[in-house]
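Below is one structure; the comments refer to it alone.
The values are calculated or read from the model by the stated rules, or taken from the named source; none is laboratory data. On a predicted model such as this, the values are computed, not experimentally measured, just so you know. Heads up, the Cβs are rebuilt from the backbone with ideal geometry, glycines too, and the neighbour counts pull from every protein chain shown.
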């Protein structure tokens, strides 16, 4: 159920407000282009800038528009355990198929603290949960041992979004947790090797603007056709790279604007990308065949 190309959706804004109709069009476009799932309210969706009613509405709209065509993995994490419980309950009520819960950021909890955080969320909900491990943003790194403990002891835990960038973690986690533990990459650039080590897909930033190509790439890796996957990777690698030369989702929102998908409006503290980055984004999109 959870595999392949899963866009970490940008959230369109117009004059500071959630652009619901635009978001609905984007969701259907992603599904038509071959995306195998959707992640609303992740970091790429600017969830840290949303209040609770807006956060919940974005998830509701995504679930409603997807209408069961692909699974929705709703971002519901927080560095406050009570807040994460509330957001996860709301996602479950909205009909999301799973929740994506980031390790608590800024607080710097211990491994035991992280386990207890996820235990409390699992105790309060019944929805499948993906651990989101991203040390570069959260400052804490959940170890293979703690992830395995969560999987073994907490019924709701079904997998992980691994954004550590450490490819050695994939086989280590597979050997520790078993083949039924779902490992999804959080990095487009290393997704080929991630899947070769036993991963099942990628929660992708680039898929926001190149959903068909990223879906074809993921399908190729999951079918063991790494020759075809490498061909597609060579078209996309420059695009993967420029998506993060300034704080995300700045570059990807600008690219989406060029494609006529939505505006590039973001909320502070994020600011528009520079003219130099705009040029690099255009060049990478042309290389990928997205712009003439």
>> Based on this model, can you work out whether residue 152 counts as surrounded by 23 or more Cβ atoms within 10 Å (Cβ to Cβ), touching a residue at least 12 places away in the same chain (Cβ under 8 Å) and farther than 19 Å from residue 97 by Cα?
In response: no
>> Please go through (1) within 29 Å of residue 20 (Cβ to Cβ); (2) free of Cβ contacts under 8 Å to residues at least 40 places away in the same chain; (3) part of a loop (DSSP other than H, G, I, E, B) for residue 292 and return the number of the only condition it doesn't satisfy.
In response: (1)
> Quick check: anything in segment 168-178 in contact with a strand residue (DSSP E or B) (Cβ under 8 Å, 6 or more places away or on another chain) and touching a residue at least 40 places away in the same chain (Cβ under 8 Å)?
Replying inline: no
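Each row is one residue, and each column tells you yes or no for (1) over 25 Å from residue 174 (Cα atoms); (2) in contact with a helix residue (DSSP H, G or I) (Cβ under 7 Å, 6 or more places away or on another chain).
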position: 72; (1), (2): no, yes
position: 83; (1), (2): yes, no
position: 87; (1), (2): yes, yes
position: 98; (1), (2): no, no
position: 107; (1), (2): yes, no
position: 114; (1), (2): no, yes
position: 122; (1), (2): no, no
position: 134; (1), (2): no, no
> Any residue at all in segment 272-279 that is more than 19 Å from the chain's Cα centre (by Cα), surrounded by fewer than 16 Cβ atoms within 10 Å (Cβ to Cβ) and under 22 Å from residue 137 (Cα atoms)?
Replying inline: yes
> So, in segment 6-56, of the ones that are out of contact with any strand residue (DSSP E or B) (no Cβ under 6 Å at 6 or more places or on another chain) and part of a strand (DSSP E or B), which residue ends up surrounded by the most Cβ atoms within 10 Å (Cβ to Cβ)?
Replying inline: 13
>> Take the conditions under 18 Å from the mean Cα position of the chain (by Cα), buried (at least 20 other Cβ atoms within 10 Å of the Cβ) and modelled with pLDDT of 95 or more and apply them to residue 90. Does it pass?
In response: no
> Can you name the residue in segment 193-206 that is buried (at least 23 other Cβ atoms within 10 Å of the Cβ) and over 10 Å from the mean Cα position of the chain (by Cα) and is also nearest to residue 261 (Cα to Cα) among such residues?
Replying inline: 206
> Could you count how many residues in segment 111-128 are assigned to a helix (DSSP H, G or I) and either over 11 Å from residue 84 (Cα atoms) or within 22 Å of the chain's Cα centre (by Cα) (or both)?
Replying inline: 12
>> Given the options 232, 279, 245, 273, name the one that is outside any helix (DSSP H, G or I) and more than 28 Å from residue 20 (Cβ to Cβ).
In response: 245
